[in-house]
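Q: First, the structure itself, so that you have it in front of you.
The values are calculated or read from the model by the stated rules, or taken from the named source; none is laboratory data. Keep in mind the model is a prediction, meaning the values are calculated, not measured. Reconstructed Cβ throughout: ideal geometry from the backbone, glycine too, with neighbour counts over all protein chains shown. These accessible areas exclude ligands, DNA and RNA; they are computed on the full protein's heavy atoms, side chains included. Shrake-Rupley method; radii C 1.70, N 1.55, O 1.52, S 1.80 Å.
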Amino acid sequence: MSHGLCCEPDCPVSLYQSLQGKYFVGMSSEAFGDGKYAWAGLFNPSCSGVLLFVNVFTVSNPSEIPFSFQIWLNAQTSGLFSLSELVSPSNTAICPIPEPKTQLLYAENVDAGPSAGSLVFGRRCPPDTTIVSEEDGKFIIPPDGNFLINCLPPQYSSDQITGQIAFGWWETPCV
């Protein structure tokens, strides 16, 4: 489907995927603190038939309390999770509107962090800050895998924080 706006290879891959109706964005809000964790992640169901390419994520801290977060691949999570309803294709001009196969799940005020998977890196989120990380699709998640952000309880405060986590991703059929 060509719109005359983008030609490979001159086009950014995220725009190219969006023009095809394969790029999605979504966010969630999570409460944590006082020894409790929160997480949000992109979960690729086992029957999806797609590969998930993580393009960007953001972690927002609207509070005055710094906290740390971790990036996990294929984590085993804890707590009761919810499906975020704040998900959309980035190209809303396509009819019918594409639906992602990937699910954006989140949990708040959970007792423990992930118990398995691969912890790949961590970051610190200062007060009143949004951390943005452009990944350019380098994290590729197969069916039955996930890309998870785990928020750690602040070390020096028992206050609750309501953070926000957002993602941009595209999906392509498994070969």
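Q: Report the residue count in region 27-54 for those that are more than 11 Å from the chain's Cα centre (by Cα) and aromatic (Phe, Trp, Tyr).
A: Count: 2.
Q: Moving to a separate point now. Counting only residues that are under 19 Å from Ser90 (Cβ atoms) and open to solvent by 10 Å² or more (accessible area, probe 1.4 Å), which one in region 141-166 is farthest from the chain's Cα centre (by Cα)?
A: By that ranking, first place goes to Gln164.
Q: Something else about it: Go through (1) of a type in the set (A, V, I, L, M); (2) modelled with pLDDT under 95; (3) under 15 Å from Gly163 (Cβ atoms) one by one and return the number of the condition Val13 breaks.
A: Of everything listed in (1) of a type in the set (A, V, I, L, M); (2) modelled with pLDDT under 95; (3) under 15 Å from Gly163 (Cβ atoms), Val13 misses just condition (3).
Q: Determine whether Leu104 is within 18 Å of the chain's Cα centre (by Cα) and within 13 Å of Ser28 (Cβ to Cβ). Full working, then the answer.
A: On the way: within 18 Å of the chain's Cα centre (by Cα): yes; within 13 Å of Ser28 (Cβ to Cβ): yes.
So Leu104 passes the test.
Q: Still on this structure, I have one more. What tally of residues in region 98-129 results from selecting those that are of a type in the set (A, V, I, L, M, F, W, C) and open to solvent by 80 Å² or more (accessible area, probe 1.4 Å)?
A: Looking only at that region, the number is 1.
Q: Looking for whichever is among the acidic types (Asp, Glu), open to solvent by less than 60 Å² (accessible area, probe 1.4 Å) and in contact (Cβ under 8 Å) with a residue 12 or more places away in the chain here; the options are Glu134, Glu171. Which one fits?
A: That would be Glu171, the only listed residue that is among the acidic types (Asp, Glu), open to solvent by less than 60 Å² (accessible area, probe 1.4 Å) and in contact (Cβ under 8 Å) with a residue 12 or more places away in the chain.
Q: Then there's this: Count, please, the residues in region 21-39 that happen to be closer than 29 Å to Ser158 by Cα and either in a strand (DSSP E or B) or in contact with a strand residue (DSSP E or B) (Cβ under 6 Å, 6 or more places away or on another chain) (or both).
A: 12
Q: Would you mention how many residues in region 40-55 are open to solvent by 30 Å² or more (accessible area, probe 1.4 Å) and either more than 24 Å from Cys95 (Cα to Cα) or in a loop (DSSP other than H, G, I, E, B) (or both)?
A: 5
Q: So the check is Cβ under 6 Å with 6+ separation or different chains; which pairs have a first residue in region 42-60 that's closer than 19 Å to Tyr106 by Cβ and a second one that's open to solvent by 20 Å² or more (accessible area, probe 1.4 Å) and part of a loop (DSSP other than H, G, I, E, B)?
A: Listed pairs, sorted by first residue: Asn44/Pro143; Ser48/Lys101; Ser48/Pro143.
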